[in-house]
Amino acid sequence: MLGIQGLSQVQNRVDGGKWSSIHKFGSNGGLSGAEETIWSAGGLYPWSALAVPQILFVSSVDPADDGTVTIQGLDENWALIEETVSLAGSPSEITTINTFRRVYRALYTGATHTGLITIRTLSHAGTIVAQIDVGKAQTLMTAYTVPVGHIGYLVGYTAGVGKLDAADIFLYVGTDGQNFRIKSEMSVYQSVQHQPFNIPLPFGEKTDIDFRATGSTGNSICTLNYDLVLRRL
């Protein structure tokens, strides 16, 4: 049986490279009774901070972290964009050259980083739109936006919590960082559960995807991953 990558490769051969895929995953280690996005920074994802394209500010709390950070997202036209910046061992912030309307992943390359790396708007006082936890070398965030000129097909998602823990999972989709509407929900108790969609859920270009959860305690840990097949229009 073909996996996501295999399906994409077959469709690419048939349709001239129109198909691709993305695997997203994230975690939230401090869930309580209020809904929070499943990402390691905690709280709801700050979509409004990227209501207009922004130059981003990248820094680590440890100046010994002198590797590079690659930021993946969407530009002012909602098209895919990637930029790599060098921390250069400086405790000060490094700014991107490009402006970003969305950020959905960041990766650190270099020796194991010992500091929390944040990507913000508006310098040190700005809003965190992505972060790389100590030693992880990449973001743990489930927020994603379908690029312009594409349709995204959600084929399923998997969520899990630890022993004696529980979480309620909610899939929201919206446009322009607002008007979010629930599309699926799941309850998980000390287990891992998978929600497949035999008929994949289609999301149009510029659709924001926000997986959220509530926990049974003040520090419930929830992980989630999902796959999207992208078709270029």
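The range 152-184 to the range 204-233: how many Å between their Cα centroids?
Spelled out, the Cα-based centre of one part sits 5 Å from the other.
Between their Cα atoms, which of Lys136/Lys183; Lys24/Lys183; Lys183/Lys206; Lys18/Lys183 are more than 24 Å away from each other?
Flagged as over cut-off: Lys136/Lys183; Lys18/Lys183.
Once you list every other residue whose beta carbon is under 14 Å from the beta carbon of Phe211, what net charge do they have if Lys and Arg are +1 and Asp and Glu are -1?
Here the charged neighbours net out to -3.
When the chain is modelled as a GNM with alpha-carbon springs shorter than 10 Å, which of Leu74, Leu154, Leu31 fluctuates the most?
Leu154
Quick one: Thr145, Thr95, Thr223, fewest Cβ neighbours within 10 Å first, how do they rank?
Ordered by Cβ neighbours within 10 Å, fewest first: Thr95, Thr223, Thr145.
Taking the mean number of other Cβ atoms within 10 Å as a proxy for protection, how do you rank 170-178, 111-119 from highest to lowest? Can you show the working numbers first?
Working: 170-178: 16.7, 111-119: 18.4.
Descending packing order for the listed peptides: 111-119, 170-178.
To make sure I understand, if each residue's beta carbon is the centre and we count other beta carbons within 10 Å, what order do Phe180, Phe203 fall in, fewest to most?
On the way: Phe180 18, Phe203 21.
Sorted ascending by nearby Cβ count, the order is Phe180, Phe203.
Which of the following values of Cα extents along the principal axes in Å was calculated from the structure shown: (1) 66, 54, 28; (2) 49, 48, 34; (3) 80, 45, 33?
(2)
Sort 34-40, 162-168 for me by packing, meaning the mean count of neighbouring Cβ atoms within 10 Å per residue, highest on top.
34-40, 162-168
Here, each number is a calculation from the coordinates, and none is a lab measurement. What you are looking at is a predicted structure, and each value in this text was computed from that prediction instead of being measured. Using ideal geometry, Cβ is built from the backbone for each residue, glycine included, and neighbour counts are taken over all protein chains shown.
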